[in-house]
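The values are calculated or read from the model by the stated rules, or taken from the named source; none is laboratory data. Please read all numbers here as calculations on a predicted model, not as lab measurements. Note: ideal-geometry Cβ built from the backbone for every residue, glycine included; neighbour counts use all protein chains shown.
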Amino acid sequence: MKPGILQLSPILIPAINERLEVLYNVHRLFEQADKDAFIREIGGSIRGVISGGHTGITNALMDQLPNLEVVAINGVGTDAVDLRYSRRRGIAVTATFGALTEDVADLAIGLLIATCRGVASGDRIVRAGLWPTHPHPGAIPLSRRFSGMRIGIVGMGRVGRAIATRAAAFGCPISYTDLHAMEDLPYGFVPDLRQLARDSDALVLAASADKAEGIVDAAVLDALGRHGYLVNIARGKLVNEADLIAALEAGRIAGAGLDVFVDEPNVPAQLLAMDQVVLQAHRASATIETRTAMGKMVLASLAQALSGQRPEHSLTT
Ligand code: 8YV
């Protein structure tokens, strides 16, 4: 009999789904109307789970899967899976490290340029037929230059480093903060986040959310200042969203490019109404290339764990 796999969120690459179907008895929880009844029915047969990065899996659900051997996270964030609990139960938790670095860094740069150059607001002006009314009020305001901007990166992991490489090619001086300075990097290390914000024209969040909730608060935003931009391609909860909204509303920062939010997929109404904010639906890793690479890593992790090997990218076993 094929091992039972519980899939918690969709995978949009047909070839990956086909391969999963060939190898496993795949149960798609997101397609079920009565999820509790479904888990009661098939929970005992589940040996592997595929979860999203930011959606993860609760301990309550893992409790209902007594034969669970592996949680393969289709992403790099491990903040939504309790690693300590998984370790205690001997469950391997794997992630797709390295697979999404380039695309996430690309979108960070895209959001930086879109935000400071007013790409989305410019698009809205053209679509609304306001271009011919220029220079009347409501027409096209000047934007800000990206090349040469001082960029402060929060979190110098794989993604942070890839953002730095790209921004450096635009002539941007780079500084960063992390738990410690990294000797192999040519960029300035600023231990204090508020100081980093003060020294930067744009702050880019690329940190893991573990133990870092709400680190970007009113004080950090005020340090960034009224000409400063915030870009977040990491986790919404790194930012105190109420403080961010207040700072944007009052013009205490210039704008924000956001791919992630505290309560996805719900985006605060105030942000939706702001012209100086560029919004994305948590899709920095959502390219065919990256999602294919991620899917292949998920397949490899499941195969390794369910054949009794230690998965190459396990964090817990
Ligand atoms: C994905 C992510 O959107 O890697 C992560 O942690 O948040 C994103 O890459 C998500 O994991 C898709 O399942």
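With respect to Gly257, determine if the residue is touching a strand residue (DSSP E or B) at 6+ places or on another chain (Cβ under 8 Å), among the small types (Gly, Ala, Ser) and assigned by TED's automatic domain parsing to the domain that holds Val220.
yes
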Among Val298, Val220, the single one that is of a type in the set (Val, Ile, Thr) and either assigned to a strand (DSSP E or B) or within 16 Å of the ligand (Cβ to nearest atom) (or both) is Val298
When only residues in region 236-257 that are surrounded by 18 or more Cβ atoms within 10 Å (Cβ to Cβ), assigned to a helix (DSSP H, G or I) and among the small types (Gly, Ala, Ser) count, which is farthest from the ligand (Cβ to nearest atom)? Ala247
Determine if region 273-285 includes at least one residue that is of a type in the set (Ser, Thr, Tyr), farther than 22 Å from Lys237 by Cβ and either touching a residue at least 40 places away in the same chain (Cβ under 8 Å) or more than 13 Å from the ligand (Cβ to nearest atom) (or both). no
Yes or no: Val260 within 16 Å of the ligand (Cβ to nearest atom), under 26 Å from Ile163 (Cα atoms) and not in a loop (DSSP other than H, G, I, E, B)? no
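How many residues are in a loop (DSSP other than H, G, I, E, B) and among the charged types (D, E, K, R) if we restrict to region 74-85?
2
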Condition test on Phe38, is it over 30 Å from Ile233 (Cα atoms), surrounded by 16 or more Cβ atoms within 10 Å (Cβ to Cβ) and either within 14 Å of the ligand (Cβ to nearest atom) or not basic (Lys, Arg) (or both)? yes
If Val231 satisfies every condition in (1) more than 16 Å from the ligand (Cβ to nearest atom); (2) of a type outside the set (Phe, Trp, Tyr); (3) part of a strand (DSSP E or B) but one, which is the exception? (1)
Identify the residue in region 268-293 that is in a loop (DSSP other than H, G, I, E, B) and under 15 Å from the mean Cα position of the chain (by Cα) and, among all such residues, is surrounded by the fewest Cβ atoms within 10 Å (Cβ to Cβ). Ala281
Considering Ser45, Ser51, which residue is in contact with a strand residue (DSSP E or B) (Cβ under 9 Å, 6 or more places away or on another chain), hydroxyl-bearing (Ser, Thr, Tyr) and away from the ligand (no atom under 16 Å from the Cβ)? Ser45
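Let's see how each residue does on (1) part of a strand (DSSP E or B); (2) at pLDDT below 95; (3) assigned by TED's automatic domain parsing to the domain that holds Ala293; (4) out of contact with any Asp or Glu (no Cβ under 6 Å at 6 or more places or on another chain):
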{"site": "Ile16", "(1), (2), (3), (4)": "no, no, yes, yes"}
{"site": "Glu21", "(1), (2), (3), (4)": "no, no, yes, yes"}
{"site": "Ile39", "(1), (2), (3), (4)": "no, no, yes, yes"}
{"site": "Val49", "(1), (2), (3), (4)": "yes, no, yes, yes"}
{"site": "Ala60", "(1), (2), (3), (4)": "no, no, yes, yes"}
{"site": "Pro66", "(1), (2), (3), (4)": "no, no, yes, yes"}
{"site": "Ala72", "(1), (2), (3), (4)": "yes, no, yes, yes"}
{"site": "Asp106", "(1), (2), (3), (4)": "no, no, no, yes"}
{"site": "Gly110", "(1), (2), (3), (4)": "no, no, no, yes"}
So if I check each of Arg158, Arg198, which one is more than 25 Å from Asp79 (Cα to Cα) and touching a helix residue (DSSP H, G or I) at 6+ places or on another chain (Cβ under 7 Å)? Arg198
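Determine, yes or no, whether Ser208 is within 26 Å of Val76 (Cβ to Cβ), small (Gly, Ala, Ser) and part of a loop (DSSP other than H, G, I, E, B).
Values: within 26 Å of Val76 (Cβ to Cβ): yes; small (Gly, Ala, Ser): yes; part of a loop (DSSP other than H, G, I, E, B): yes.
Considered against the rule, which asks whether it is within 26 Å of Val76 (Cβ to Cβ), small (Gly, Ala, Ser) and part of a loop (DSSP other than H, G, I, E, B), Ser208 comes out as yes.
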